[in-house]
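The values are calculated or read from the model by the stated rules, or taken from the named source; none is laboratory data. None of the values given here were measured: they were computed from a predicted structure. So basically every Cβ, Gly included, is an ideal-geometry build from the backbone, and we count neighbours across all protein chains shown. Protein only, heavy atoms only, side chains kept; ligands, DNA and RNA dropped before computing areas. Shrake-Rupley method; radii C 1.70, N 1.55, O 1.52, S 1.80 Å.
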Amino acid sequence: MKNCFGDRILADKVAFIAGGSSGINLGIAERLAEQGALVALLSRKPEKVQAAADDLIAKGYRAMAIAADVRDYAAIEAAFVQVKNAHGPIDIVVSGAAGNFLAPTVALSANAFKTVVDIDLLGTFNVFRASFDHLRKPGASHIAITAPQAVNPMAFQIHACAAKAGVNMVTRCLALEWGPAGIRVNGISPGPIAETEGMARLSPTPEAEAAFKQSIPLRAYGTKADIAEMALYLACDASRYVTGAILDCDGGWSLGDASADALTVPTRG
Ligand code: NAP
Ligand code: COA
């Protein structure tokens, strides 16, 4: 059995990374590519996704770019056909395309709510559903990028909370249904990750960031590399008996408020 501590443990693998042109998902793509996988990056903006693939190729990795919107099922199915025709059956599928912004519910239109649900939840369904006929079976590994919002309600994020809750259930339903075909389906729930578009939107000032860190048990934001390590674990044979799991990588943030005030024993006045 291969493990996650060797070199080029994914040398014969093909990975499809939806939302792979930036941030956390690009970090995952680079880690898988470094271990030898051919990584197919997919996102909406042609120049952005091509630049991300070119950057990986310049580093000596195997990569290709596809411009498509995860809300468009036919385009996603065509993307899987393109990757399989070029490089063979797909071993690893990451669904990480997402959209988020802070908005009070009374300032959120029905279309704004639908837009985020369509990208995150319908997009994950589309990516995983369209992959099925193009996978190496048994042995394929699917990884959904979810968020603590899936289980912890948060103000001004009703759209992302609802969408990611659905992503968790899609992950667990498919793990149940596709396990007999030898397909594993898991999720990663990142906490606040430094230098990402997500945190730029959710915690946009130095003051907000400092306060946020003081509420996290480990008192720091995570890094893209932290999430990439977990994705490598889920992609490789070290996790071959793990399916239907949503793994937290969040410094303990989802456990609750760990600020000094919250952890001070109240005394009688
Ligand atoms: P990001 O850099 O904005 O990544 C989002 C990616 O999705 C980009 O590649 C974007 O590229 C693509 N995308 C967006 N809409 C798309 C669509 N309709 N079709 C295809 N691709 C689309 O953000 P990030 O902060 O790294 O977040 C990445 C993932 O981690 C998301 O699933 C997010 O929910 C999750 N997450 C992030 C954090 C955090 O701290 N940042 C915490 C928890 C969970 P284009 O613009 O080219 O489409
Ligand atoms: N507050 C309230 N509503 C907002 C909003 C905000 N900050 N940003 C967009 N909307 C609304 C729009 O007004 C529109 O609703 P309307 O038709 O009723 O006016 C709806 O959302 C769709 O906006 P649009 O810009 O057409 O969507 P899009 O598909 O081009 O982009 C977004 C999707 C809005 C999620 C955009 O922010 C995006 O592309 N995000 C990807 C990057 C990202 O979010 N990264 C972090 C990942 S966690």
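Residue by residue through segment 195-213, note down the ones that are more than 14 Å from ligand 2 (Cβ to nearest atom) and of a type in the set (Gly, Ala, Ser).
Correct list: Ala208, Ala210, Ala211.
Restricting attention to segment 222-229, does a residue exist that is farther than 30 Å from Asn111 by Cβ, within 15 Å of ligand 2 (Cβ to nearest atom), buried (at least 19 other Cβ atoms within 10 Å of the Cβ) and not β-branched (Val, Ile, Thr)?
Yes: segment 222-229 contains one or more residues that are farther than 30 Å from Asn111 by Cβ, within 15 Å of ligand 2 (Cβ to nearest atom), buried (at least 19 other Cβ atoms within 10 Å of the Cβ) and not β-branched (Val, Ile, Thr).
Which one of these does Thr115 not meet: (1) outside any loop (DSSP other than H, G, I, E, B); (2) crowded, with 20+ Cβ neighbours inside 10 Å?
Going through (1) outside any loop (DSSP other than H, G, I, E, B); (2) crowded, with 20+ Cβ neighbours inside 10 Å one by one, Thr115 breaks only (2).
Anything in segment 11-50 that is farther than 16 Å from Ala98 by Cβ and within 16 Å of ligand 2 (Cβ to nearest atom)? List them, or say none.
Pro46, Glu47
Let's see how each residue does on (1) in a helix (DSSP H, G or I); (2) open to solvent by 40 Å² or more (accessible area, probe 1.4 Å); (3) closer than 24 Å to Ile183 by Cβ; (4) modelled with pLDDT under 95:
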residue: Val94; (1), (2), (3), (4): no, no, yes, no
residue: Gly99; (1), (2), (3), (4): no, no, no, no
residue: Ala103; (1), (2), (3), (4): no, no, no, no
residue: Val106; (1), (2), (3), (4): yes, yes, no, no
residue: Ile119; (1), (2), (3), (4): yes, no, yes, no
residue: Leu122; (1), (2), (3), (4): yes, yes, yes, no
residue: Phe125; (1), (2), (3), (4): yes, yes, yes, no
residue: Asp133; (1), (2), (3), (4): yes, yes, yes, no
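Here is a list: Val170, Val185. Which entry is open to solvent by less than 20 Å² (accessible area, probe 1.4 Å) and either within 16 Å of ligand 2 (Cβ to nearest atom) or touching a strand residue (DSSP E or B) at 6+ places or on another chain (Cβ under 8 Å) (or both)?
Every option except Val185 fails the conditions.
Of the residues Asn85, Asn152, Asn100, Asn126, which single one is farther than 30 Å from Ala33 by Cα and polar (S, T, N, Q)?
Selected residue: Asn152, the only one of Asn85, Asn152, Asn100, Asn126 that is farther than 30 Å from Ala33 by Cα and polar (S, T, N, Q).
Give the residues of segment 149-160 that are buried (at least 18 other Cβ atoms within 10 Å of the Cβ) and either away from ligand 2 (no atom under 12 Å from the Cβ) or under 30 Å from Asn85 (Cβ atoms) (or both), sorted by residue number.
Matches in segment 149-160: Ala150 only.
Within segment 7-71, which strands (runs of 3 or more DSSP E) (wholly inside it) include 1 or more residues that are aromatic (Phe, Trp, Tyr)?
Values: elements: 14-18, 38-43, 63-67.
Of the strands (runs of 3 or more DSSP E) lying wholly inside segment 7-71, those with at least 1 residues that are aromatic (Phe, Trp, Tyr) span 14-18.
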